[in-house]
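A short write-up of the structure that comes next.
Bear in mind that the values in this text are calculations on the coordinates, not laboratory data. Being a predicted model, the structure only gives us computed values, none of them experimental. Heads up, the Cβs are rebuilt from the backbone with ideal geometry, glycines too, and the neighbour counts pull from every protein chain shown.
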Amino acid sequence: DCAKMSAPAPTTQMRPVLSRLLQQRRGGGSRPKKLPEPISVWKIVRGDKVQVIAGKEAGKQGTIVKVYRKEQKLLITSLNLVKKHVAPRGPNQPGGIITKEAPIHLSNVALIDPVQGVPTKVKFGFLEDGTKVRIAKKSGAIIPKPDILRARRHPHPVGSADTDTSPEAAHRVTASPHELGLQDAIRSLTILRHKPRPAAP
C-alpha cells in the first residue's frame, strides 16, 4: 500500500492568498461603500466662502470650487492639499508628483457670516416679495448666493446669423413634380374604414 502523503502546511506567503479565497467563497471581500442619506436642501453652494471647523485644516478659510452632493463633500481652494502621482500624457505633460485639493466633508465646514466674518449657522427666510434667502444666525444678515451660480459651466452655443434658415428657404417646395404626383396617388388610394362600435347593452 502506498503511504498517504499529508498536505503541506500553509506557509506565511500562502496565508494571505488562502484568506482571500475563503472570503470570496463566503461572499466577503471588498464591498462598495454605502452612500449617506441624500440632503434635500443644501445651505452651502458652489462659490460660498467657508471656514473649516474641524480636522487638520481647522480655522482656515477658502472658497468652494466644487460640491459632491452624493458623497456630501466639498472641494475648497488651497485647503486639504494632497500629493498625487500623475503618469506622463505627452510632451507637454511630462507627469510627476503634483499637489491638489482633496474633498472635505460637509460636517467639517461652516459658512462665513458676511458681517462678523466668523463661522455661523444658517437658516432660511423669505423677503416681502416671496424670495427665499439664507440668513446668518449670528448677525441676522442675508447671505447672498454667489455670482458664479448665474453663469453656466457649459454655455449653450449661440448660432450665427449665417447658419440660420431663412423663412423663404423654409417654405420652399423641394419635392419634384413626380414625387408630388406619387403622393397624390397614394393619398387617393388610401381608404379609411371606420368599423362601427357595438351598441352598449
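Quick rundown of the values:
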| read-out | value |
| --- | --- |
| Amide H within-cut-off set for ILE143, under 5 Å, with H built and near neighbours excluded | ARG134, ILE135, ALA136 |
| ASP113 long-range amide H proximity, modeled H, under 5 Å | VAL118, THR120 |
| Calculated from backbone phi, Karplus (6.51, -1.76, 1.60) coupling profile of region 43-60 in Hz, x at Gly/Pro | 8, 10, 10, 5, x, 6, 8, 10, 10, 7, 10, 8, x, 6, 9, 4, x, 8 |
| Net charge over other residues, Cβ less than 13 angstrom from the Cβ of ASP48 (K, R count +1; D, E count -1) | +4 |
| Environment charge of ILE97, counting only residues whose C-beta is closer than 14 Å and scoring Lys/Arg +1, Asp/Glu -1 | +3 |
| Net lengthening on full extension, SER78/LYS34 (0.36 nm per residue, minus Cα-Cα) | 13.0 nm |
| Amide proton proximity set for LYS60, modelled H, under 5 Å, gap of 5+ | VAL52 |
